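Note sheet for the following structure.
The values are calculated or read from the model by the stated rules, or taken from the named source; none is laboratory data. Keep in mind that what you see is a predicted model, and the values were worked out from it rather than measured. Methodologically, a virtual Cβ is constructed for each residue, glycine included, from the backbone with ideal geometry; neighbour enumeration extends over all protein chains shown. Please note that ligands, DNA and RNA were not included when accessible areas were found on the heavy atoms of the full protein model with its side chains. Shrake-Rupley method; radii C 1.70, N 1.55, O 1.52, S 1.80 Å.
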Amino acid sequence: MNWVSIAILSVVAGTLVNIIDSRLLSRQMPSLRAFLLLMGSVHFVYSWIFFFLFPLPRNLETEPLLIAVGSGLLRTAAITLLFYSLQKEEVARVIPVFYTYPIFVALIAMPILGESLSYSQWLSIIIVVAGAIIISVKRRPTGATIWLSRPFLLLFGSSLLMALMNITSKYALAYISPWSLFWLSTFCMSGIYLLISIRPRIIKQIGNMKRRNSTLALFIFNETLTALATVLLFWALETGPASLVSAIVGGSRPVFVFIFALILSRIWPTFLEWQPGRVALILRIIAIAMIVSGLTIIYLT
């Protein structure tokens, strides 16, 4: 498979993760810290498994190792802000704003990684990001158009952090494999989440959850998908330009989230609290057409 196909597979797996995250955070988990405690616990186990299966190169220098660790810290910060926003807003609006980070990647990758883009590729990135922003538009019953307020500002910051994560990951992948970068990054994330979440009251919250067994089963399945999506992303970054990989992942994720959320709203209305009106559907269809057009330009060039 080429890097485009790998990136799209990462998007599909990541889309399912975002949908289930939204369900867990807004409907089933007692608190964000309880969510982070479970996430840290599951990924701590996965980190050790990958650690033994994919050790670091023996001659690895200190600089790429520190950059890989920094990539993990950036990913942890970006994802934490995303989780907070998913608690407050519907997934079909949060994800498009979060995944506008390709424009930051394109700007940063030129001076740091020495990547260059043609005019058509720049146009494609702009189209993809514009389409993602349009999806985030929300209309009140009065007809007024609004955007995310405080969550939007947090998502803007998390988007920038995600862009920096992609850049640092691309650098680290010149020295270590995607699987090694995964466990390094996940060790950082799980360690921080366990540190801030292991509290008696948080453990008690998890023990008192309604439908605990089914929730835990869904959680473990979701975090397994998270691991798959992350490894695929790192694999795509290893073999393709960071700016274009980010454009594909960041641009197409809102499309898949919208489609999956729309299907769920029809066949399982109680799974997500999302019932778009006619105007919202028209805006999202226009945005999807823009994103698909941008991705097509990237693929053809």
Restricting to region 206-219, name every residue that is surrounded by 14 or more Cβ atoms within 10 Å (Cβ to Cβ) and either polar (S, T, N, Q) or in a helix (DSSP H, G or I) (or both). 206, 215, 216, 218, 219
Return yes or no: is residue 234 touching a Leu at 6+ places or on another chain (Cβ under 6 Å) and buried (at least 23 other Cβ atoms within 10 Å of the Cβ)? yes
Could you tell me how many of the residues in region 43-100 are open to solvent by 60 Å² or more (accessible area, probe 1.4 Å) and basic (Lys, Arg)? 2
When you look at residue 37, is it closer than 17 Å to residue 185 by Cα and not in a helix (DSSP H, G or I), yes or no? no
Filtered residues of region 150-177 (kept if within 19 Å of residue 61 (Cβ to Cβ) and in a helix (DSSP H, G or I)): 167, 168, 169, 170, 171, 172
Those residues that are aliphatic (A, V, I, L, M) and either open to solvent by 60 Å² or more (accessible area, probe 1.4 Å) or more than 25 Å from the chain's Cα centre (by Cα) (or both), I need them from region 179-191; list them, please. none
Looking only at residues in region 101-136 that are open to solvent by less than 20 Å² (accessible area, probe 1.4 Å) and assigned to a loop (DSSP other than H, G, I, E, B), which one is modelled with the highest pLDDT? 101
Selection count where residues are polar (S, T, N, Q) and open to solvent by less than 10 Å² (accessible area, probe 1.4 Å), scope region 152-178: 4
